[in-house]
1. Would you be able to tell me the number of residues in the range 170-223 that are under 30 Å from residue 441 (Cβ atoms) and assigned to a helix (DSSP H, G or I)?
2. Within the range 79-91, can one find any residue that is hydrophobic (A, V, I, L, M, F, W, C) and surrounded by fewer than 16 Cβ atoms within 10 Å (Cβ to Cβ)?
3. Answer yes or no: is there a residue in the range 50-61 that is in contact with an Asp or Glu (Cβ under 9 Å, 6 or more places away or on another chain), of a type in the set (Val, Ile, Thr) and not in a helix (DSSP H, G or I).
4. Being surrounded by 19 or more Cβ atoms within 10 Å (Cβ to Cβ) and within 30 Å of residue 143 (Cβ to Cβ) is the filter here; which residues of the range 109-118 pass it?
5. Select from the range 432-451 the residues that are in a helix (DSSP H, G or I), aliphatic (A, V, I, L, M) and buried (at least 24 other Cβ atoms within 10 Å of the Cβ) and list them in ascending order.
6. Identify the single condition in (1) part of a loop (DSSP other than H, G, I, E, B); (2) among the hydroxyl-bearing types (Ser, Thr, Tyr); (3) surrounded by 18 or more Cβ atoms within 10 Å (Cβ to Cβ) that residue 150 does not satisfy, given that it satisfies every other one.
7. Would you please list the contacts, defined by Cβ atoms under 8 Å and residues six or more apart or on different chains, that run from a residue in the range 210-221 that is among the acidic types (Asp, Glu) to a residue that is in a helix (DSSP H, G or I)?
8. Pick out, from the range 250-361, the helices (runs of 4 or more DSSP H) lying fully within it that include 1 or more residues that are hydroxyl-bearing (Ser, Thr, Tyr), touching a Phe, Trp or Tyr at 6+ places or on another chain (Cβ under 7 Å) and modelled with pLDDT of 90 or more.
Amino acid sequence: MRLGCRWTWVALGLLAAGTPFLLFPGGWRTLALIVLPLIWIGNRLTTGHFIKRTPYDSVILLLMAMLLVSLFATYDIAVSLPKIAGVILGVGVFYAFVYYGRHPLGWWSCLLVFLVLGLGTAVLGLLGTQWGTKIPLLGPLIARLPIQLTGLPGAERGFNPNEVAGALLWVIPVFIALTGLAIVQARNWLAVRGRWRYRIMMGGLAAGTLFVTAVFLLTQSRGGYIGLIVVGFGLLLIALPSRRRILALGSLGLLVILVGGVAWRNGADSLLQMMFESNVIGDPASTINSFEARVEIWSRAIYAIQDFPFTGMGMNTFREVVHVLYPLFLIPPDIDIAHAHNEFLQAALDLGIPGLIAFVALYIGAFWMLREIWQSASAATLQPPASNLQPPPSNLQPPTSNLQPPASSLQSPTSNLQLLTRPLVLGLGGGLFAHLVYGLTDAVALGAKPGILFWMLLGLIAALFEQTQLPRIRTSVS
């Protein structure tokens, strides 16, 4: 047992040491690819199992198998290597989150790492994004934000604003959910943590939420805006009382009718141009209508999937192969399109239709687990209080208020996690769904460096699912 505990810290150290080399592979740094197999072999020798079992295991196995198949399909392994290393790093981080998040205190630590990395992504985005000029109102502010980070591998000219927005979408709903909960539970948290500790926590959450959201707004990603608006409206409907939901749905219907009327009067093409027109500073393709370009890219991606249905064409190769085998008319051949501007098409291009199935299954499994977590929290709320199931307490014990939980229960990490389960489901699920909406018209491709947030989010969901299911399993066994 002691050897297993020591090995977990050794495995964490190996993953941390190999992360920089997996983020920037090449040359001798490619040896870092053996870190994940070494960790799994060590797990088997010390704990008796390779990985911490999750509902994702078969899906991830299929994804890794297609990763090997893609090595035979790619025209140049050096081109595919950054994305392959990114997927391997993401899987390693996912299982690390699942293992360390199986207990409440470890889960909160993993959530903190996730939020800090989200803040770091926003900081890097603020310093190194190649800003666009889609919204004239933001033009003067954008002009005061010159690019300060360039020359990074894979982003030599700076970060694409749409990719920055897609990465931040995983984080923003979680920040909003935690900040909103801190406001609603202010009275209880003040009683437990004290005034100063609560103020520090509340100030950190509010500042992080505002900063990440501000950077997201500066990206001017229309697909990102749509994803966040859809999720925000959905969360608002869940939070509102049933009577006010009817008013909110009526307002939404009126807005849809208004937008439809504008589109009918001006033409649907003008509305799509307004939503997707791009003018990125310094980009030679800035004069190309982005929606028309997307339609053309999607058509070429479909042709490529038809030609490489089972193996894909290799990770990260579509950006080069498309100009050779499927020439574009609206985009010059010297323009790097990066990806298919649709995450599902890009997954099929990289790893074939089996890889696409695995990618879709990741989303389906995550939403299924979130539903189970939500139902478990609802069932726990509907259970009668423990005092009705136990003998009455002694008269010498003072009665506990029904309006405020005892401080001892709030101090327990387990009680905290149970108290926050439903808001956490809204935040985690909101981030996943917002990015899914964004991924219909843009992409953070599998293996991309910001994609580590995606694997962390999946790990948090899987670990929370295990925690909420253990009491149910123990109850059924007993």
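The values are calculated or read from the model by the stated rules, or taken from the named source; none is laboratory data. Values in this document were obtained by computation on a predicted structure and should not be read as measured data. Every residue, glycine as well, gets a Cβ built from its backbone with ideal geometry; the counts of neighbours run over all protein chains shown.
1. Adding up the residues that qualify gives 23.
2. No, the conditions are met nowhere in the range 79-91.
3. yes
4. 118
5. Within the range 432-451, just 434 meets the criteria.
6. Single failed check for residue 150: (3).
7. The qualifying pairs do not exist here.
8. Because the criterion is at least 1 residues that are hydroxyl-bearing (Ser, Thr, Tyr), touching a Phe, Trp or Tyr at 6+ places or on another chain (Cβ under 7 Å) and modelled with pLDDT of 90 or more, the helices (runs of 4 or more DSSP H) in the range 250-361 that meet it are 290-307.
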